[in-house]
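The values are calculated or read from the model by the stated rules, or taken from the named source; none is laboratory data. Note that this is a predicted model, so its numbers are computed, not measured. Note that each Cβ is placed from the backbone with ideal geometry, even for glycine, and that neighbours are counted across all protein chains shown. Note: areas computed on protein heavy atoms with side chains; ligands, DNA, RNA excluded. Shrake-Rupley method; radii C 1.70, N 1.55, O 1.52, S 1.80 Å.
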Amino acid sequence: MLQEINFDGIIGPSHNYAGLSLGNIASSTHAGEPSFPRQAALQGIAKMRHNIGLGLAQGFFMPLDRPNAAWLDSLGTQLAAAEPHIRAAAYSASSMWAANAATISPAPDTDGKCHITVANLQTMPHRSHEWPDTLAQLRLAFADGEHFKVHAPVPPPFGDEGAANHMRLCTAHGSAGVEIFVYGKSGGPFPARQHFEASKAVARKHGLAESRVIFTEQSEKAISAGAFHNDVVAVANERVLFAHEHAFAEREAFYAEVKRKFPEAEIITVPADKVSLADAIKSYLFNAQLVTLPDNGGMALILPSEAQETPAVWTYLNELITGNGAIRKLYPVDVRQSMANGGGPACLRLRVVADPAYVDPRFIATPEKLDSITSVVEEYWPETIRPDQLASPALAETVQNARRKLLEACDLAELSRS
Ligand code: SUG
């Protein structure tokens, strides 16, 4: 049975605040602060438990090997000698934001296989070296070639940031959908990370029919305000598209195309006079997981707790759920450690519509497995990392050992490089 499975990136032991992402306001604001990797990972695990409790299918991905010695080597350096900005980039735990791991086109939209293209993430140096190890992990989790086709990344210079700039509208997850690719154009104060050519390449590689694909531009206004990915200002689930008024460059033309290609669409536009773009970005209201609850429970938003603490946002959301629309429930979750680097609940997960029976079971979460992951995190994850510690060989050892223990606990030691 086809189902939406949310694969969360387990927050790695090197989680730190190095301010590496220009255009990501949270990352810049918290640069230089101490981080709390253990607490961060426990927050992520608590979110997974929460979602399993709602009856949703849950998976996870392992953190990548950090600091990335192979990447440093390819730059002709190593940890002790690297300049601080390169060292920080080698240490980043950014693979936790699994929404940027890949773009997924489920089987009903394609030739019958679920197509997966790993994202090249080439705009930001600290993210550009994720893809080889992410690809290895995707090839393992989705090794069943009868049901999945995992593609290599789109080549440079076309930046691709994966599912964060991709939405899918459908009547039910298991039926054919219309896939929406949102790209940005450079020229503003901040980089546009999703290139139009990359979006088109992914759609072609996945074999999507033209009549069921939409390409639309992200508004420059949104990028300049700090929406470095579309999923900071819009989210879709089944027939619902939930977006800020200023999310798209050509909103009316885009909505008209949505209605033409998918007449069942229910579009909810949040007006700027109710929630300003600044409040939307600060609260990460749209970086909610918009999910369909089992047993005709309607749809729910799994939101960062910051949304509850932003008065205009919380007032709007409470009006929304008391109306007669599809969205009925609000569940705030605490992922503050990730939020401080610009990653909300939706950034932390990659949605894959598939039959869980065909996924490598080692990547599927159960409460018992989350218990054993929790034990490893509690025992081995550093409690805190200050940016000046990144030069210390002892930290590298602690971080590598922690990941190794997790791989062993999850029977995934074959992903080990160190
Ligand atoms: O790419 N932050 C990530 C946040 C990614 C959020 N993902 C989605 N919106 N889907 C990024 O900007 C910060 C790392 C640092 O500054 O150390 C960072 O990479």
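Observations
- Looking only at residues in region 317-359 that are hydroxyl-bearing (Ser, Thr, Tyr) and out of contact with any Asp or Glu (no Cβ under 7 Å at 6 or more places or on another chain), the one that is most open to solvent (accessible area, probe 1.4 Å) is THR322.
- Residue satisfying all of: in region 165-187; of a type outside the set (Phe, Trp, Tyr), in contact with a His (Cβ under 9 Å, 6 or more places away or on another chain) and crowded, with 21+ Cβ neighbours inside 10 Å; farthest from LEU208 (Cα to Cα) among these: GLY184
- Region 50-68 residues that are of a type in the set (Gly, Ala, Ser), paired with ones that are assigned to a loop (DSSP other than H, G, I, E, B) and surrounded by fewer than 23 Cβ atoms within 10 Å (Cβ to Cβ) (beta carbon under 6 Å, 6 or more apart): GLY55/PRO294; GLY59/ALA365
- Of the residues screened, LEU301 is not one that is touching an Asp or Glu at 6+ places or on another chain (Cβ under 6 Å) and either modelled with pLDDT of 95 or more or open to solvent by less than 10 Å² (accessible area, probe 1.4 Å) (or both).
- Residue satisfying condition, being within 21 Å of ALA340 (Cβ to Cβ) and more than 15 Å from the ligand (Cβ to nearest atom), within set ASP295, ASP279, ASP231: ASP279
- Scanning region 28-43 for residues that are under 17 Å from the mean Cα position of the chain (by Cα) and open to solvent by 10 Å² or more (accessible area, probe 1.4 Å) yields a single hit, GLN43.
- Filtered residues of region 250-265 (kept if in contact (Cβ under 8 Å) with a residue 60 or more places away in the chain and either crowded, with 16+ Cβ neighbours inside 10 Å or not acidic (Asp, Glu) (or both)): VAL258, LYS261, PHE262, ALA265
- Here is the figure for region 52-86: residues that are under 24 Å from ALA26 (Cα atoms) and open to solvent by 30 Å² or more (accessible area, probe 1.4 Å) total 4.
- Any strands (runs of 3 or more DSSP E) falling wholly within region 212-274 and containing at least 1 residues that are more than 18 Å from GLY177 (Cβ to Cβ): 213-217, 240-244, 266-270
- Among the conditions (1) open to solvent by less than 10 Å² (accessible area, probe 1.4 Å); (2) at pLDDT 95 or above; (3) at positive phi, HIS244 misses just one, which is (3).
- Within region 1-16, being assigned to a loop (DSSP other than H, G, I, E, B), within 16 Å of the chain's Cα centre (by Cα) and either within 13 Å of the ligand (Cβ to nearest atom) or surrounded by fewer than 24 Cβ atoms within 10 Å (Cβ to Cβ) (or both) holds for ILE11, GLY12, HIS15.
- Selection over region 22-43 of residues that are over 16 Å from ASP388 (Cβ atoms), small (Gly, Ala, Ser), within 13 Å of the ligand (Cβ to nearest atom) and in contact (Cβ under 8 Å) with a residue 12 or more places away in the chain gives a count of 4.
- Residue in region 114-126 that is within 13 Å of the ligand (Cβ to nearest atom), in contact (Cβ under 8 Å) with a residue 60 or more places away in the chain and open to solvent by 20 Å² or more (accessible area, probe 1.4 Å) present: yes
- Filter pass, GLY207 being over 20 Å from the mean Cα position of the chain (by Cα) and either modelled with pLDDT of 95 or more or over 15 Å from GLN122 (Cβ atoms) (or both): yes
- For region 53-105, a residue qualifies if it is in contact with a Cys (Cβ under 9 Å, 6 or more places away or on another chain) and assigned to a helix (DSSP H, G or I), and the qualifying residues are MET96, ALA98, ALA99, ASN100.
- Test: residue in region 280-298 that is of a type in the set (Phe, Trp, Tyr), surrounded by 15 or more Cβ atoms within 10 Å (Cβ to Cβ), part of a loop (DSSP other than H, G, I, E, B) and in contact (Cβ under 8 Å) with a residue 12 or more places away in the chain: yes
- Only a single criterion out of (1) crowded, with 20+ Cβ neighbours inside 10 Å; (2) more than 15 Å from LEU395 (Cα to Cα); (3) within 12 Å of the ligand (Cβ to nearest atom); (4) at pLDDT 95 or above is not satisfied by GLY19, namely (1).
- You will find that of MET62, MET48, the residue that is away from the ligand (no atom under 16 Å from the Cβ), out of contact with any Gly (no Cβ under 8 Å at 6 or more places or on another chain) and under 30 Å from GLY207 (Cβ atoms) is MET62 and no other.
- Hey, PRO108 surrounded by fewer than 19 Cβ atoms within 10 Å (Cβ to Cβ) and away from the ligand (no atom under 16 Å from the Cβ) or not: yes
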